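Below is one structure, written out as C-alpha cells, with a few remarks after it.
The values are calculated or read from the model by the stated rules, or taken from the named source; none is laboratory data. Bear in mind that the values here come from a model prediction, so they are computed numbers and not experimental data. Note: ideal-geometry Cβ built from the backbone for every residue, glycine included; neighbour counts use all protein chains shown. Note: areas computed on protein heavy atoms with side chains; ligands, DNA, RNA excluded. Shrake-Rupley method; radii C 1.70, N 1.55, O 1.52, S 1.80 Å.
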Number of protein chains: 2
Amino acid sequence: MATINDVAKRANVGRGTVSRVINNEPFVSEETRKKVLKAIEELNYHPSSFARGLASQNSYTIGVIMDNTMDKVYANPFIYEVFRGVEKSVYEGGYNLLLLGKNTYQNGKLAVERVLQGKMVDGLILQEQIIDSEYFKNIEQYNIPIVSIGKLENRDDISWIDIDNHMAGYMAAEYLYSRGYKKIAFEGVELEKIFARERYEGYKEFIGSKGLSVMEANELLQNIEGVICLDNIYAYKILQRCKKINKKVPEEIGIITFDNYPLAEYLQPSVTNIEIDLFQLGLCAGSEMLNKLRNRNCEVNRIRIPVSVNIRETTR
Amino acid sequence: MATINDVAKRANVGRGTVSRVINNEPFVSEETRKKVLKAIEELNYHPSSFARGLASQNSYTIGVIMDNTMDKVYANPFIYEVFRGVEKSVYEGGYNLLLLGKNTYQNGKLAVERVLQGKMVDGLILQEQIIDSEYFKNIEQYNIPIVSIGKLENRDDISWIDIDNHMAGYMAAEYLYSRGYKKIAFEGVELEKIFARERYEGYKEFIGSKGLSVMEANELLQNIEGVICLDNIYAYKILQRCKKINKKVPEEIGIITFDNYPLAEYLQPSVTNIEIDLFQLGLCAGSEMLNKLRNRNCEVNRIRIPVSVNIRETTR
DNA sequence: TAGATGATTGGGAGCGGTTCCAACTCTAAC
DNA sequence: GTTAGAGTTGGAACCGCTCCCAATCATCTA
C-alpha cells in the first residue's frame, strides 16, 4: 500500500507538496499538481485516515446518535430514512459517519463519551429529544459542532433542522377546506410535543384566517366534516368510529394525517397525508454539519423542510 | 488532554508498560499495573484512536452497509431494528460502528472503497442482497472479515446470521393447525426470495407431517380454513377478500403472517404473526464479527435466530 | 544591477500510540 | 557463588500524515 512518501518520490517532489495537493491547498503550481496527481493515480494511493487524524487532529468523521432508549424502532419507524439522508450528504462531503446509540456502553462508560474522548468525531448530529438532558451537558463539554434533528426551543446557540410543522398544519387544513370540508377538527393535540403544537398552531392559523372555529373531534363526530390527525394511529381510530356510526369517508367526512407509515398505502382506505421528506431532512442535517465544520464560526441556522400533500382515499 | 507519556511519567514507568496495561497484556506485575491504572484514572486518560490505528494497523471499527438502492426505507422498515442490535454488540465489544451506504459516493468513488482503502474498518457487516454482485467482488479483495445478515447460498466461506425461516413457516402452519384450522394455504410463494422459499418449505414440512395437502389461496378462498401470508400486505389483501365474500375472521378462517409492521397492532383486526427478533439478529451479527476479529481463523458459522408466535385477532 | 516581494518547494519535527529488543531483577538449580 | 531462565521493564524506531520554517526561484521596481 503506497504512502505519501512513495508518491513524493515518484513525482519527484517533497512530501509537503503532495500533502498540499491532496488537501487542495493553494501555492502549488499547476505543473507540479499534475505530476503529483499522476503519481497518485499510478500508485493507487489513498491517504491513511489514521495518520491524517493523528497529525491534523481531525477525524473527518461525524457521529450520529440514535435514540435507542425505546424498546422497538416501531415507535419511530421514520428515523432510518433520516439517517439515509445524513449518510449520503456526509460521505459526499468527504466525511465518514459513525453510528452511535444514545444508551450504549463501552467498557463501562457511555460509548459516546469514549468516542468523544478518543477524538473520533469532529461533529455530532443528534435528535432534539437528547438535548437539554443531563446526558447532553456531558457531550457539550467536548466543544465540537452539534446539529439537531428537530427544533430546539431553549437553545439559540445550536443549529437545527426540522419539518415545517406549522406549514404542515396549515396545509392540512387548507387542503381539507379546498375539497369542501368546512368544519375541521384536529385530533391528537399533544401539546407537550413540539411538533404537535406547531402543527396545531398552523391549523389554527388557517382556521382563523377563514373565520372558522377550532374544534376537536367529538365521540360521534357530530357536526364535523374534516379531521386532521396527528398520526396514522389517530387516523385509524377515527376511521373505526366513522364505520361504527356509519359515516361515509370521504363523502361525508374527510381525513388527513401527517405521517406515512410503511404499510399505509396498502390499507383501505388509504389515508391522505401531508408528506414529509425525511430523506431531505437528513440530507440537510448533514450539509449543515459540513458547513459548521468548514467554517467554525458560521451563524446558527434554523432550517425548515417544506412539506406537500399526498392525496389518497380519505379525501374527496 | 493526557497522552500515554503523561501517564508513564506520572506512574513512573515506561511508555511500553502503559501500553501493556491498556491492552491487557501479560508480563506486567500486579503492582505496576495498579500504579498505571491509578495514573490513568487520575489523568482521565484515553488513548487516541488515531495513534493507535496508525501504529497497530487496526481501526477498532466495524463497517455496516445499508442498502440505499431503494427509494424509501418503507420498502424495508425493519433494517433499522437490526442495526440497533449491531450497534449495541459492536460497541460493547469495544469496537465502533461506521455506517455506510451501498451506493454512496465520495470524491467520485464508491464510499465503501475509500473506507476500505483508508483502512478505516477492520470488518464489514452487510446484507445478503449485496453479496454475489460485481460490487461485492470489489469489497472482497480487501481481505477483511465479512458477516452477512441473511443466509448465503453460494458461499460457504462467509458466516451469516438469519431468522429461522424454515421454523417460522413450520410454526405458522402448526399454530393454525393447533387452533383447529386444517385446510391451510400459503399466500406469497415468491420463490426467488430465499426467505420466502424457506418459509414455504417449513410450511410444506408441517403440512406433509399431518398428511394434509399444500394449497394456495384461491380467489374465493373456497375450501380454505387458514392462510399463511408472506407479509402484512398479503395479509391485508386476504382480509379485504374475506370481507368481500363475507367470510368471518377468525371464526371461519384464520390468518397469520410473518412480519410485524409498525402500524400492525393498531389495525383492526390486528393480524396474528410469527414474531421475528430483529434486534437479536443484529446483536448476533455483531458478536459474530467480533468473534472473527479476535480469532481470525475461527470457523464459518451459520446462525439461526428462533421465532415465536405473536397471537392477535385473526386467529381464534 | 541590486534589492524587494511574492510564489513555490523541500523536509524536519511532531502527532500518540505499538512493537520489539536489550537490559535488568529475581529465583532456583548446580 | 555462579549461572540459567523466566518474569518484567524501558525506550528507540516506526506508523503515515500535517504543519511550518527556511530556501529557492521568478518577477518587478528603482
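Residue-level check: of (1) acidic (Asp, Glu); (2) farther than 14 Å from A:Thr257 by Cα; (3) in contact with a Cys (Cβ under 6 Å, 6 or more places away or on another chain), A:Glu190 misses just (3). Checking each residue in the stretch B:289-303 for being touching a strand residue (DSSP E or B) at 6+ places or on another chain (Cβ under 9 Å) and outside any loop (DSSP other than H, G, I, E, B) picks out B:Met289, B:Leu290, B:Asn291, B:Lys292, B:Leu293, B:Arg302, B:Ile303.
Condition test on A:Lys182, is it of a type outside the set (Gly, Ala, Ser), closer than 28 Å to B:Pro262 by Cα and exposed (fewer than 15 other Cβ atoms within 10 Å of the Cβ)? Considered against the rule, which asks whether it is of a type outside the set (Gly, Ala, Ser), closer than 28 Å to B:Pro262 by Cα and exposed (fewer than 15 other Cβ atoms within 10 Å of the Cβ), A:Lys182 comes out as no. Selection of the stretch A:46-61 for residues being within 9 Å of B:Phe50 (Cβ to Cβ), at the interface with chain B (Cβ under 7 Å from one of its Cβ atoms) and within 6 Å of DNA strand D (Cβ to nearest atom) yields A:Ala51, A:Leu54. Inspection of the stretch A:229-243 finds no residue satisfying the criterion of being open to solvent by less than 10 Å² (accessible area, probe 1.4 Å), in contact with a Lys or Arg (Cβ under 7 Å, 6 or more places away or on another chain) and farther than 30 Å from A:Leu152 by Cβ. The number of residues in the stretch A:129-153 being of a type in the set (D, E, K, R) and crowded, with 20+ Cβ neighbours inside 10 Å comes to 0. Name every residue in the stretch B:205-218 that is open to solvent by 70 Å² or more (accessible area, probe 1.4 Å) and touching a residue at least 12 places away in the same chain (Cβ under 8 Å), in order of residue number. If the condition is that a residue be open to solvent by 70 Å² or more (accessible area, probe 1.4 Å) and touching a residue at least 12 places away in the same chain (Cβ under 8 Å), then B:Glu205, B:Lys210, B:Glu216 are the ones that fit. Candidates A:Lys102, A:Lys119, A:Lys88: the one that is more than 7 Å from chain B (Cβ to nearest Cβ) and not polar (S, T, N, Q) is A:Lys102. Across the stretch A:77-104, the qualifying residues are those that are more than 13 Å from the chain's Cα centre (by Cα) and among the polar types (S, T, N, Q), and the one among them that is surrounded by the fewest Cβ atoms within 10 Å (Cβ to Cβ) is A:Asn103. Among the residues making up the stretch A:1-31, those that are crowded, with 17+ Cβ neighbours inside 10 Å, assigned to a helix (DSSP H, G or I) and within 12 Å of DNA strand D (Cβ to nearest atom) are A:Ile4, A:Val7, A:Ala8, A:Thr17, A:Val18, A:Ser19, A:Arg20, A:Val21, A:Ile22. For the stretch B:39-60, a tally of residues being over 31 Å from the mean Cα position of the chain (by Cα), at positive phi and near DNA strand C (Cβ under 8 Å from one of its atoms) returns 0. Answer yes or no as to whether A:Val36 is more than 7 Å from chain B (Cβ to nearest Cβ) and under 30 Å from A:Asn5 (Cα atoms). The answer is yes for A:Val36. Where strands (runs of 3 or more DSSP E) fall entirely within the stretch B:177-288, those with at least 3 residues that are within 14 Å of chain A (Cβ to nearest Cβ) are at B:272-276.
Checked against (1) within 18 Å of the chain's Cα centre (by Cα); (2) of a type in the set (Gly, Ala, Ser); (3) over 20 Å from B:Arg302 (Cα atoms), B:Ser148 passes all but a single condition, namely (3).
Condition check ((1) charged (D, E, K, R); (2) within 16 Å of DNA strand C (Cβ to nearest atom)) across all residues:
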{"position": "B:Val7", "(1), (2)": "no, yes"}
{"position": "B:Gly14", "(1), (2)": "no, yes"}
{"position": "B:Glu30", "(1), (2)": "yes, yes"}
{"position": "B:Val36", "(1), (2)": "no, yes"}
{"position": "B:Gly108", "(1), (2)": "no, no"}
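Looking across the stretch B:162-188 at every residue that is under 14 Å from B:Ile238 (Cβ atoms) and not charged (D, E, K, R), the one that is modelled with the lowest pLDDT is identified as B:Gly188.
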